[in-house]
1. Residue separation times 0.36 nm, minus the C-alpha to C-alpha distance between residue 138 and residue 152: what's the value?
2. How far, in degrees from 0 to 90, does helix 317-341 lean away from the longest principal axis of the Cα atoms of the chain, to the nearest 10?
3. Mean separation of Cα pairs under 8 Å and 6+ residues apart, divided by the residue count of the stretch 126-236: what relative contact order is that in percent?
4. At residue 10 and residue 180, where each label point lies 7 Å from the Cα along Cα→Cβ, what is the point-to-point distance in nanometres?
5. State the Cα centre-to-centre distance between the stretch 349-394 and the stretch 146-177 in whole Å.
6. What lysines sit close enough to residue 113 to cross-link, taking a C-alpha to C-alpha distance under 29 Å and skipping anything fewer than 8 places away on the same chain?
7. How big is the antiparallel share of DSSP beta bridges in the stretch 84-177, given as a percent to the nearest 5?
8. Quote the relative contact order of the chain in percent (integer), defining contacts as alpha-carbon pairs under 8 Å separated by 6+ residues.
Amino acid sequence: MDFRFTAEEEAFRKEVHDFVDKECPKEIRGGGVNFFEEAGSLMAWRKKVAEKGWVAPAWPKEYGGASMSIMQQFIYSMELAKMRAPASIFVGGLAVAVIGPTIIIYGTEEQKKEHIPPILAGETMWCQGFSEPGSGSDLASLQTRAVRDGDDYVINGQKIWTTLAHMSQYMLLLARTDPDAPKHKGLSYFVVPMDAPGVEVRPLMNMTGSHEFNEVYFEDVRIPASNLIGEENRGWYQAVTTLDIERSNIGSAVGQQQHVEDMAKYASEHKSNGDGGYVVRPSIRFELVDRYVETEVAMALSMRVVTMQAKEMIPNYEAAAVKLYSMELAQRIANTELKMLGLYGPLGRGSKYTQMNGRPMFGYLRSVANTIEGGTSEIQRNIVAQRGLGLPKE
């Protein structure tokens, strides 16, 4: 594992730093920003990033990307996080992170010409149709059907936890095209317009009261056969080999460290009640130290993954370990923050007694999903145990 940057990598880090410092609007930098409320500033930032050619860091230049190396992608994500600028997911979204690479690798030339330019220009938003009510961790057991009918496919079924489906123009759908094949071998990828007849989107509100997720129903939805991405019945293999997406989780690790630093600053400013405020208990100092040390561990695990990628090695259980550790750490940080605030912690925005703009309670509630989304902690533990430690399956 290498913690050092070469001279060229350090020069690139400085270039990213200076660009963010000059161009990123102040109102969308820092924790607790509501990006829906700051949509105008976010779009202005996205335009600057697009002019720089950094909307799609990993994409080949011939498709409008930046062709950054793995280490450059790492440095880019790290510097954005350090400067509290919106992460690349808020600039390019899922369309840049997953959808575009899928179309680039497996799509036809017609599909690339139709969809890649609008994605880079920010003109279209995409969602991903993977999970189903009975198929979450065991995704390959999904049952949404796509049946060939002449020059069309007819889709019936349901998807759930579909992020931003209510705002998307297209879905990248994984559906079963061969019900008699083994579950991993009968799936296919499709592009589904969200305004197609028979598509119904219903909101799923989470504990924070925000609307990110949706359930999507398909009733006799007819799409052209030309909307098939890649080979029929090869969708599973396309899904897992779409792109070696940067999995170091470095942005999360840096953000967690900054979060703990903010908590420590708050605790130091409220260590006495001389100003009429309340007292943060001294024992909180020990928890804050623990949390900070744990963020250093998360950084080291992230560095291990990115170093492997830079050496053209494929992180497997190493990436699972990062995900597992970082997401459970997010929950420990949220618990410490609420404990630090005492009875003020559960207060949200709107009360004159609310501390830290209500972020602690929002973060506490939102952190429940951290160990579920993107693969549950149980799944990650199985990967580490079986592939990393060589233990037998359950």
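All of the numbers you see were taken from the coordinates with simple rules; none came from a lab. Small disclaimer: the values here were computed from a predicted structure and weren't measured. Ideal geometry is used to build each Cβ from the backbone, glycine not excepted, and the neighbour counts take in all protein chains shown.
1. Extra length from residue 138 to residue 152 when fully extended: 2.2 nm.
2. 40
3. 31
4. Each label point is offset 7 Å from its Cα along the Cβ direction, giving 6.5 nm.
5. Using only Cα atoms, the two centres lie 28 Å from each other.
6. 47, 48, 52, 61, 159, 185
7. 55
8. That works out to 13 percent.
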